[in-house]
Structures are given as C-alpha cells and as structure tokens.
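Step one of this worksheet: look at the structure below.
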Amino acid sequence: MKKSYNIKILGQELSVLSDAEDEHVAIIVQFVNERIEEVLKSANNLKNLDVAILAALNISEELLKLKGVNKELCNYLESGTEKLIQLIEEAS
C-alpha cells in the first residue's frame, strides 16, 4: 500500500508516494541530498536544475557500475554452479 511522504530535495518540498518503509524513504532522501551536496561543493553558481541533473548523472553512473559488477558476479556463480553440477554427475 502506497504511503504519502513529504520530502525535501535541493530546498524543494515534494510530496511522493512509495511502498517503502519510512526509514527506507529517509535513507533515499539522505542519499540524494548527499550527492547534491557533492555537486554543489565541486561547482559554483550552478542553477538548481543543473545541480539536479549532475547529481542524477552521478547516481546513474554508480548504479550502472554496480549493475555491471552484479552481472559479473552472477555469471561467476552460474559458471561455478555448472561446474559443481558436472562434477557431482561425474561422481555418480
């Protein structure tokens, strides 16, 4: 069941709906605000929209890297599992 949350990102108050628990929503908001702060520290005189876009790009880059790592780990586990199954079948 979706719940309404009032959050604040980049000084803007927003009302969002989420199935997530209160604590999880708070963690996400904190994460986004931290990334925005990183952008603000590294660049001066940016418009809020530019800051938001740069933060979104940074978060997207991190997500895509993690997806790549996850895929590599899944492939590694799948390969190892297949080898174990083959060894078990050969031993039977």
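What follows is calculated from the coordinates using simple rules that are stated; it is not laboratory data. Note that this is a predicted model, so its numbers are computed, not measured. Here the Cβ is made from the backbone with ideal geometry for all residues, glycine too, and neighbour counts use every protein chain on show.
Under the Karplus relation 6.51 cos²θ - 1.76 cosθ + 1.60, θ = phi - 60°, what is the ordered set of whole-Hz ³J(HN,Hα) values for the range 66-79, x standing for Gly and Pro?
Per residue, the Karplus-derived 3J(HN,Hα) values read 5, 4, x, 4, 4, 5, 4, 5, 5, 4, 4, 5, 5, 5 Hz.
Per residue of the range 3-15, in order, report the coupling 6.51 cos²θ - 1.76 cosθ + 1.60 (Karplus, θ = phi - 60°) as ³J(HN,Hα) in whole Hz, putting x for Gly and Pro.
The phi angles translate into 10, 8, 10, 9, 10, 10, 10, 6, x, 9, 8, 10, 10 Hz.
Would the chain count as rounded, prolate or oblate if I go by the C-alpha gyration tensor, calling it rounded below 1.5 in a/c and otherwise prolate when a/b exceeds b/c, oblate otherwise?
oblate
Against the longest principal axis of the chain, how steep is helix 22-42, in degrees 0 to 90 to the nearest 10, with axes from Cα atoms?
Relative to the chain, helix 22-42 is tipped by roughly 70 degrees.
In the range 21-92, which GluC sites (Glu not before Pro) are in a loop and have at most 12 other Cβ atoms within 10 Å, using DSSP for the loop call?
E21
Report, by chain and number, residues whose modeled amide H sits under 5 Å from the one on L10, excluding near sequence neighbours (fewer than 5 apart, same chain).
none
Which net charge results when you count Lys and Arg as +1 and Asp and Glu as -1 among the other residues whose beta-carbon is under 15 Å from that of G68?
Taking every other residue near G68 into account, the sum is 0.
Would you calculate, for the chain, the mean residue ellipticity at 222 nm contributed by helices, counting each DSSP H stretch of 4 or more residues as -39,500 (n - 2.57) and dividing by all residues, to the nearest 500?
Per the formula, -25500 deg cm²/dmol.
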